[in-house]
Structure formats: C-alpha cells, structure tokens
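Take a look at the structure below.
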Amino acid sequence: MNSEPTTLLQGTLDLLILKSLVAGELHGLGISRRVQQITGGTFDVKPGSLFPALHRMEEEGWISSFWGESENNRRAKYYRLTKPGRKQLEVETKRWGRISLAIGQALQSS
Amino acid sequence: MPLFVKVRSFLRNLFSIRRVEMGLDEEVRAHLEMLAEEKIAAGMKPEEARRVARIEFGGIQQVKEQVREERVGHWLRSVMPDCRYGIRQLRNSPGFTAVAVLTLALGIGATTAIFSIIDGSLLRPYPYKDAERLANPVVFSADQFRAWRFPAAAFVDFKKQNHTFEDMFGLVNREVHFSRGQVSEPFFAGSVTPDMFESLGIAPLLGRPLTAEDVRPGAPPVFVINYNLWTKLLDRDPKVLGNTYTVDATRMTLVGVMPPRFQIGGCDLWLPLNITRDTFVPGSGIESNEIWTVGHLRTGISPETAAADLQIIAAPFQKDDPIYFPPHFKVVVNTFNSESVDRDFKFGLFALMAGVSMLLLIACSNVANLLLARATTREKEFGIRSALGASRVRLVRQLLVESFLLALVSCALGCLFAFIGLKAIVAMIPSDTIPPEAVIGLSRMALLFSLAATILTALICGLAPALHTLRTDAQIALASGGKRLSASLRHGKLRSALVITEVALSIVLSIGSVLIVRSLLALQNVDIGFKPSNIVYARISWPDGQYESAQQKHSLFRKVLDRLTQFPGVTAATETSSYPPHTFGWTTVVVSGKTPPQNRNTASIMCTEGYFRTLGRPLLRGSLFSQNDVDSSRHVVVVNQTFVRDHFGEEDPVGRQVRFSDFETLADWPRDPFFEIIGVIADAKNAGLQDPPKPEIYLPATLTAAGPHNLMVRSTAYPLAIIQQIRSEFSAIDPDVAVGETGTVASLLNHQYFARPRFLLVMLCAFATVALLFVAAGVFSVVSYTVALRSHEIGIRMALGAQSTQVLAMVLKRGMRLILAGIALGLFASYFLARALASQIWGVSTTNPPSFAAVAALAFFVGGVACLLPACRAARVDPMVALRYE
C-alpha cells in the first residue's frame, strides 16, 4: 500500500470525499475504500483524517448523515451529498482544475 | 441554508452533546468492526483481524478528540472543564496561588488606583454638559501670560461676534458677606450671566437655576448656592428655598441649591448679572470689571481656530485697553480639560503611571516565573494528556485559562486594594491641585481599565509556560517520570530573562524615586531670602459699609499692632496685602524717564513699616518706611534688587520717581501719581523656588482701601497663642471685624512648594519599595526552584567530594550573574529614561552618579540576600537524601 497519502493538500480531502459520494450514499469505511478505488490506490484516507473531515463537512451542510444497514446487516452511519454539497463539489472541482493546470504549466516550463 | 445547518449543529453540540458523543462512539465502533470483517473476509483469523483493524484505525481516543475539535462551538464547550480543572489546580497549591494572587493584585490595584486619579483629574474632571468642548480665552503677550479675564466690552463683543463658540457666558468673582440673623461670614460669589446654567447643563438639586428673567430690570434679587454652603451653613435643610438672606447688605431670595460637583468658578454662591458694553461689574478690589469668559467650542472647532476668531474681535481693544490687550498680544483658547491640573502635576501623574506599569510588569514576570516553574513540574501531567489525545493548542489553552483565572481573582482583589488605596492617596493629594469639580474614585472607566490590565496580565503571565509546553516532548516527559534535568536547564534561559527584566525594571523605578528624593532635598535647601519660621498670618474680613477708606482700616490696624507688639514673644507685626508665598496684585510700574514696560510682572505689596522686620528682609540701600511715612500716606516705595536690575541696571534707584498705571483707575488713588523710591531690599523667592525672583515694589498700606488688608506677626510664642491673641485684640476693638483664615507662613510655604513633590515622592517610593520586594521574592523563588531541581546533581557533586562552600558559591554565582545583568540593563535604561523626568527634577542631574550607584548597591544587596537563602539550603543538601530517590 502506498504510504504517501497521509500528506493530502488541505481541501483535496474534501474534494475527494464529495466526489466519492456523487454516485450515492456511503458509510465511512465505504468512503475510504471508494477514494482508494477512484484514485487508483494513490490515496488511503485514514480514520484520523476521515472522521474529522466528515463531521466538519456535515456541520458545514455539504453532506448529511443517517443510520442505515451495512452490507453485513450492521448498523452504520451513512453519508450523502446535499445540494450545497454538490455546489461545493463544483466549486472545488473548478478550483482544483485551475491549480493543477497552473502547476502543470509551471513544471513544464523550463 | 448552510448557516441554518451550522446553527443547528452548534445548538446540538451545546445541548445534546451526550447523543452526539454516543453517535460518534457507535460510528467508530462500526467502522472498526467493518474493518475487521474486511480482514476476515480476506482470510484472516478473527482475533488477528481485530488487532490489525485497530492498528490501521490508529488511536481511537485521538481520532475522537480530533473530531471533537472540528465541531462548531467546540471552543465554548471545552472551556468550562478547563476552568473547573484550573480551579482545582489552583486550589491544590494554595501557597502558590496566594503568592501569585497577592503579587498580581498589588500590581493591578496600584495601576487601577493611579489610572483612577488620571481619569478623575485629567480625562473627565468636569461634570458639565459636553465638558470636553468647554474652553476659555486667555491673552498672552510675548509668551508671557497676561490676562484670563476681560472688560465688559470685550466680553460682549466676544459673545456677539464669534463664529466658533456654541454659547458663551461670563463670571465675575468677588468676596461677599452672607448673613443670616446676626452671623455674617465672607464667601466667594460669582456674578454670572444666567445662560451659564443652561450652558453647563446641570439641574439644581433643589429649586431652580438663575434665568434670563432674573436680570430683567426690576426683577427681585435672587441667588443660588452650592452644596457645600447648603451643608455647612443651612444644615441641608430643604425648606430654606424662598428664604431671604442678606448678601452684601442686599436682601436676596434663595431660589436654588446646586448638586455637589457643580463648582464653576470655585464659587460658593451665584448671583445673576446682565453684562452690556458699559456695565460696571463689581469684583474684588482692583479686579473689578474683569469677566471670566467661558463657552462651548462648536463641534469640530479646534482651540486654535477659536483663538484666531477671537483674535480678530479683540484687535480693536488694543488701543483702549492695553492692560488686557497689549501691543502684539495673542489670544489663546484653553480647553477646560487641558487645564484641569497644572503641567507639573500632570507630568507627575504620567510618571506615576509609568511607575505602576513597571510594577505590574514586575509582578507579571514574577508570576510568569512561578507558573513556569509549575509547568516544568507538570510536564508529566501534560505528557499524559497529550498521549490521551490533547493537542498542543489545547494544553496551551489550559495554561492560559489557569493564568486568566489567577488574573481574574487578582483583579477582584486588586480593585479592593485600589478602593482602599485611593482613599489614602486622595487624602494625600495637596489641596488646590485638582479642580473642585473632580471626583476621584473607582469609576466604571477605572474598572474597565483594570479588566483590560487583567487580560494583558494573564496573557503576559501565561505566555512563558505556554511557550514551554509547546516545546515539550510528551514521550520524554513520560519516560523521565516528570523529573527532568535537561529541560529545566534549557528553560532556565526564559526564567533568567524574566529575572533580568525584573531587576532592570526595579532599578529604573528606584532611580526615578531617588532622583525625586534628591531634588526635594535640594528644594528644601534653597535659600528663600527670608526667615519663614515663627510667622503667623491672619486674613481680616471687613464688615460691609464700614472701613471704606484706607485710613479707617489703618487706624484699626495701628491700635491692634501697638497692642500685639506688647505681647510677650512678639518681635514684629505688620499690616500687609499679601503674605508669602502668594503675591496679591501684579502691576505695571512706569519709571519716570524710561519707556513704560508692556508687562504687568511687578509684585506690588501694600504694607506698614513692620513688614521688613517681620519677614527678615535685609535693607541694602537707602531706607525703609518709617511709621510716619505710613501714617501720612507719603508717596514712597521700597523695591527689591531684581526691580533695580530690570529698570536701572547699575544706576542708583534711590530718589527716582515711579507711577502705577494700573492703580490709577482706583477711586481712592491719590491725585499725584508719582512715588519716590527710598530703599532697596535684598531679593527673596516670590515666583517659586526654582525660578529667579520677580521684581517687587512695596507701598504704604494707607494709599488705598482696595485689595486685601491682612495681618502678619513674627513671634517666638506658640502660633496658636498668637492667633488667639490676634482674635481677641480685634474683637476687643471692633467685634464686627472678623478674623478669617489663619496659619503660619511656614505651612503655606510647605504647601506651596513641597506638597506636590512630596506627593510624587511618597507614591514613587512606595511603588519602588514594593517593586524591590517583588524582585527579592522573584529572585528567591527562581533560585530556590533551580536548587530544588538540581538537588540531585548537587548531591552527586557532594558525594564526589565537593565542599559545601563550593556548592554555595556555585549557586550564588548563578543567581548573582542574573542580578548583575539586570542591574547593568537597568542602569543603562535609566540613563536614557531619567531624562523624561527632567521637568520634575531640580538641583540634581538626571544622571547623578551617586544616585545610580546607591540604587545599584541596594539592588545588589537585596538580590544577594534573596540568593543567599536558597544557596545555603543547597550547601546543606545531604547527598544520601538527594540520591536516595534515584
């Protein structure tokens, strides 16, 4: 497993979590696995960063939570994207696009 | 919408935290179990899977704490337990808490007390409406103060033609006799334009103020009194309104009583007065027709703009009234607040404020040191807390909360100290130093100030231990079991810096006090030019309508003087218009054959032949008055050396002619205005101890009835006996003549010249002493603490053969190094800071080497004693005991 991922840029984690929820509601572990999957295993979100981020984003109103049943019929807390959350995802996506473009340009220039 | 979500979360976090926490618990547990299930599904054994899941998850408590810290309102939520914990911590070490609270309380209390004085006498001395805009014009000529009251015509023009004042009223002071029944007493009355009451905006306590109706022709005479008069004379009887009293032989009705702080013009009572261009305004003696002109500046108008405005209006008066408006005169507008106390006292207050701020800083660094020492011994506790998930920020906040708690308790105690201390300080402020309107006490403003000082204190005190904690490594703290040598030595630097600062601050404060002491001593050694001891003065109050000529007054005096000189012990006695250090009447003296001077700076004293012997003023040239000169009002004058120097240089003044242009407007002034100089006496101080004497001129007391006619007696008898004798002589001859204020000239001098420097001195010395005590305590606690930390090391040294004297020397050397560094820094700073005190220091250089040396020696001694005690303890360390704990 990759060991770099702990050093995520501030804001990048939010973006990844929001993105992972686009397809539908997930519980904490699910989000973690989904992020791993969509980033091709580059990012492994540890509970130490995942939980505070989830709770913060919930209080921001970007995601909402409810108690549901997991695949193994276990009670688990699920998260889903809210309307402000989708808007936030758009904003973050654009921002990230700009940043990665800029950094890419910077690195290509001699 | 997001805001709504946020508020809901905040409320939930605040009020149903238990449910939120349970949710978090369950979420974490579910997460862990799902992780484990994942592992099991991948083929792990259940136990192994759970273990790996836990490792992958990380510290459960830490994760939870991190989540908690992300919550809205987390800050508020966690402060309460911090406070509770802090209180418990402080209660657990009552000795430390008591010392810290007492130290801070003294610092905060002293600062609050001095701020209260500044607030009461400089910032908000006057209770009147918009007092910060109240101002009055004065006139200067060539940088010399000339007039602060003006003739009626000037007042009327100022009031009518100005564009810079919102309103303007006039007030004329004079002494009146207020009688009820048989008793008649002199009081200070202000004849005022009635709009004054509206302008000042203070409602009477009882009855009504004076109004425009009261100055209509034919209006019944009425007056208003101040609170003191009501209390003193009328026993605070509310039924006195509407009663009639005799004020200067006129029956007047009392219509109002003003509240305590209404003291405008320093008057006891106010009479209505209409001022037109040709009103003759009754005033005291030669100061009739002089109107004190006061008003509110319009909003946004500066005193300079107003002065320029009035300058134009006053310009035409230069021709008619050169006494008030001399050629090249300059109008200056003074705001009330800027003139509430004189410059020296204002400066003294600021010096005191600087002094107490240093005291507070010393107190802060002392407590910071104590807290730092505690923080080092609490490293284990903090290590455990951070292992359990507390963030650095959280730990630092805990420390700050504790120092805030300390500071808050100290603030409460400090305000109590300030409240008690202020009573003592206010009693010590020399009279006539602050305006009568000013009230000095713990105002709301002062309490706010002390709160601000407290917050600052808490931050300063809490900073050092907080920094310390930030640098502490939890693992090392736990591993070494809380007894750490390396760290304590490392952080010794911060402690050392604090001690050095403390010592330096106290040096600055002590040097300031020593310089003030030296200048007071120098002042007391000034030769004032006469012998002030054994002189009694008595103010004489003349009944209305009698003794209207100077001769009538003089013949009464002659009888009293003759009888007094018979009294055993009396060596000389005189009738006089003024007694030192006060001078009644500054005049212009024109010497025949010379260009008339443009200033009114000559002190004129009306007296009889006994004056010079009473004060002990030696004659240098010519002759003094004879009894015949005085009795027959001969046109002769005596002058002092400065007068001769100013007007004649090397010429012989005796026999030359002078005239008094200012006095020639007096009704009873002789037709022939020329006077002959018959003698020259030696100079004596008459314009303060620090300044060279002003010119003086002496005239026979029989020339005019205007101005005061008082009595001065030199005797070896007990002053009270003489005063008793004076009273009985007057009442034997004419019981209507009242003897007013009495006392000794020495006490007047004392009050005038020494009271203020002494006030400053007592305060500064008190602060400097407390500061030195703080420093001693600070040095003691730091050295003791270091010794305690190093007792193990000292034990090893002694076990290896170190002598106790060597250990003693080692500890002493460490302590004294700090003190010497502090002394050096303090002396260096004082060298520059003492210059700021220059205006308060006299007769000694601000960098006076013996003063600096004495203070340094004192600090060295005090610091040495404070080091010696713990050093002795170190020397007695028993190696067996010290090493046993290893």
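The values are calculated or read from the model by the stated rules, or taken from the named source; none is laboratory data. Nothing here was measured: the structure is a model prediction, and the numbers come from that model. FYI the Cβ positions are ideal-geometry reconstructions off the backbone, even for glycines, and counts take in every protein chain you see. To get the accessible areas, we keep the full protein, side chains included, count just its heavy atoms, and leave off ligands, DNA and RNA. Shrake-Rupley method; radii C 1.70, N 1.55, O 1.52, S 1.80 Å.
What to note about this one:
- For first residues located in segment B:636-650 and of a type in the set (S, T, N, Q), partners that are modelled with pLDDT under 90 and surrounded by fewer than 19 Cβ atoms within 10 Å (Cβ to Cβ) and lie 6+ apart or on another chain with Cβ distances below 9 Å form the pairs B:Thr642/B:Pro692.
- Verdict on A:Lys94 being within 11 Å of another protein chain (Cβ to nearest Cβ) and either touching a residue at least 24 places away in the same chain (Cβ under 8 Å) or exposed (fewer than 11 other Cβ atoms within 10 Å of the Cβ) (or both): no
- Set side by side, the residues A:Ser100, A:Ser70 differ, and just one is among the small types (Gly, Ala, Ser), over 23 Å from B:Ser9 (Cβ atoms) and exposed (fewer than 11 other Cβ atoms within 10 Å of the Cβ), which is A:Ser100.
- Which listed residue is in a loop (DSSP other than H, G, I, E, B), of a type in the set (Val, Ile, Thr), more than 20 Å from B:His709 (Cβ to Cβ) and out of contact with any helix residue (DSSP H, G or I) (no Cβ under 6 Å at 6 or more places or on another chain), from B:Val644, B:Val654, B:Val639, B:Val658: B:Val654
- Failed item, numbered, when A:Phe43 is tested on (1) more than 13 Å from chain B (Cβ to nearest Cβ); (2) under 26 Å from B:Asp25 (Cα atoms); (3) open to solvent by less than 30 Å² (accessible area, probe 1.4 Å); (4) at pLDDT below 85: (3)
- Pairs are defined by a Cβ separation below 9 Å, a sequence spacing of at least 6 or placement on different chains, a first member in segment B:380-396 that is assigned to a helix (DSSP H, G or I), and a second member that is among the hydroxyl-bearing types (Ser, Thr, Tyr) and open to solvent by 30 Å² or more (accessible area, probe 1.4 Å); the pairs so defined are B:Lys380/B:Ser480; B:Arg392/B:Ser386; B:Arg394/B:Ser386; B:Leu395/B:Ser386.
- Number of residues in segment A:58-76 that are over 13 Å from A:Leu21 (Cβ atoms) and either facing another protein chain (nearest Cβ under 8 Å) or among the β-branched types (Val, Ile, Thr) (or both) equals 8.
- Residue within segment B:565-573 that is closer than 25 Å to B:Glu185 by Cα and touching a residue at least 40 places away in the same chain (Cβ under 8 Å) present: no
- Leading residue by the ranking (farthest from B:Thr250 (Cα to Cα)) among those in segment B:132-162 that are buried (at least 19 other Cβ atoms within 10 Å of the Cβ) and among the charged types (D, E, K, R): B:Arg133
- Lone qualifier among B:Ala755, B:Ala717, B:Ala799 - being open to solvent by 50 Å² or more (accessible area, probe 1.4 Å) and touching a residue at least 40 places away in the same chain (Cβ under 8 Å): B:Ala799
- Within segment B:748-784, the residues that satisfy the criterion of being of a type in the set (Ser, Thr, Tyr) and modelled with pLDDT under 90 are B:Tyr753, B:Ser781, B:Ser784.
- The set of residues in segment B:209-268 that are touching a helix residue (DSSP H, G or I) at 6+ places or on another chain (Cβ under 6 Å), under 22 Å from B:Thr193 (Cβ atoms) and β-branched (Val, Ile, Thr) comprises B:Val222, B:Val257.
- Counting residues in segment B:768-779 that are outside any helix (DSSP H, G or I) and of a type outside the set (Gly, Ala, Ser) gives zero.
- Residue within segment B:611-624 that is crowded, with 17+ Cβ neighbours inside 10 Å, without any contact (Cβ under 8 Å) to a residue 40 or more places away in the chain and either under 19 Å from B:Gln551 (Cβ atoms) or not charged (D, E, K, R) (or both) present: no
- Per this entry, B:Phe767 is not counted among residues that are among the aromatic types (Phe, Trp, Tyr) and surrounded by fewer than 17 Cβ atoms within 10 Å (Cβ to Cβ).
- Restricting the search to helices (runs of 4 or more DSSP H) fully inside segment B:21-128 and requiring at least 2 residues that are within 30 Å of B:Thr433 (Cβ to Cβ) and away from chain A (no Cβ under 13 Å) gives B:94-118.
- Applying the set (1) within 14 Å of chain B (Cβ to nearest Cβ); (2) at pLDDT below 85; (3) crowded, with 17+ Cβ neighbours inside 10 Å to A:His27 leaves exactly one unmet item: (2).
- Count of residues meeting criterion [open to solvent by 30 Å² or more (accessible area, probe 1.4 Å), at pLDDT 85 or above and of a type in the set (A, V, I, L, M)] in segment B:819-850: 7
- Only residues that are open to solvent by less than 10 Å² (accessible area, probe 1.4 Å) and within 11 Å of another protein chain (Cβ to nearest Cβ) were counted across segment A:30-40, and they come to 2.
- With respect to the stated conditions, B:Val356 fails to be in contact with a Cys (Cβ under 9 Å, 6 or more places away or on another chain), open to solvent by less than 50 Å² (accessible area, probe 1.4 Å), β-branched (Val, Ile, Thr) and assigned to a helix (DSSP H, G or I).
- Only one of B:Phe165, B:Phe197, B:Phe169 that is crowded, with 17+ Cβ neighbours inside 10 Å, modelled with pLDDT of 90 or more and in contact with a Pro (Cβ under 7 Å, 6 or more places away or on another chain): B:Phe197
- Within segment B:1-18, the residues that satisfy the criterion of being assigned to a helix (DSSP H, G or I) and within 12 Å of chain A (Cβ to nearest Cβ) are B:Pro2, B:Leu3, B:Phe4, B:Val5, B:Lys6, B:Val7, B:Arg8, B:Ser9, B:Phe10, B:Leu11, B:Arg12, B:Asn13.
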